[in-house]
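Note sheet for the following structure.
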Amino acid sequence: MKYFTLIAFIMLFSCGNKEDVLLPKAATTIVKNIDDLSPIYIFFRANGKDTTAELNRKNSIISTNWILNIDRRLPLRLVIPHVIKLQQKKREEKAHKNEKAENYYSYADTIGKNLAFIPFTNVYYKMEEPTKGNLKICFYKDRLEVNDSVVSKLKLEEYLNNIKIENEKTFILCFDKNISYGSYIYSKVFIKNIKLNKKELSFDENQEFIF
């Protein structure tokens, strides 16, 4: 338990000061081990009633796997703009580009008691609501909606597998910009563990909407 308490947050020692990042938590591991990595941090800062996200990417190397250690208390609206800029920088790099280098978010696995990672290299974020007509799964602070119908998280897998379909359908994932980053990672891990029994059904893994 003491070891798990340590991995529940990441510490960065800079100029003699200790900086803590409280990691998100989820109940399963998507990726466990990553080599050749560069850590990047986004810290939670509170100034009175205002909250800000402070980026530290001093140790990032373009040709390595990037691990984003982000404080779970931050709202998505403050986190994702930093993520978009980081992704853009890596995608546009020509001189030292490594096609095998990936981007991952870190989190703590509460069951395995280990540090875990979830990839997001190929995700393109859009800070807007998806256009009408798209099939969508939206995560809000107080509810989950599938095509504007409220569905219990516990019954989402059953709900999706019972949808009547004739052609291939891909569900877009969208998230309330005001939910915490911790809730966002929990939801992404949750979706990764949904088992779809219809080959015509899938989740769009290349774009996410934050609105």
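The values are calculated or read from the model by the stated rules, or taken from the named source; none is laboratory data. Keep in mind it's a predicted model, so treat the numbers as computed, not measured. Reconstructed Cβ throughout: ideal geometry from the backbone, glycine too, with neighbour counts over all protein chains shown.
General observations
- Whichever residue in segment 96-131 is free of Cβ contacts under 8 Å to residues at least 24 places away in the same chain and out of contact with any strand residue (DSSP E or B) (no Cβ under 9 Å at 6 or more places or on another chain) and, among such residues, is nearest to residue 186 (Cα to Cα): 131
- Filtered residues of segment 149-164 (kept if loosely packed, with under 11 Cβ neighbours inside 10 Å and over 18 Å from residue 187 (Cα atoms)): 162, 164
- Of all residues in segment 85-111, those that are part of a loop (DSSP other than H, G, I, E, B) and more than 12 Å from residue 31 (Cβ to Cβ) total 11.
- The residues in segment 112-129 that are surrounded by fewer than 16 Cβ atoms within 10 Å (Cβ to Cβ) and either at pLDDT below 95 or more than 13 Å from residue 175 (Cβ to Cβ) (or both) can be counted, and the count is 7.
- Selected residue (criterion: surrounded by the fewest Cβ atoms within 10 Å (Cβ to Cβ)) from residues of segment 69-91 that are free of Cβ contacts under 8 Å to residues at least 40 places away in the same chain and in contact with a strand residue (DSSP E or B) (Cβ under 9 Å, 6 or more places away or on another chain): 85
- Within segment 153-164, residues that are closer than 19 Å to residue 139 by Cα sit with their Cβ atoms under 8 Å from residues that are in a helix (DSSP H, G or I), at 6+ positions apart or across chains, in these pairs: 153/190.
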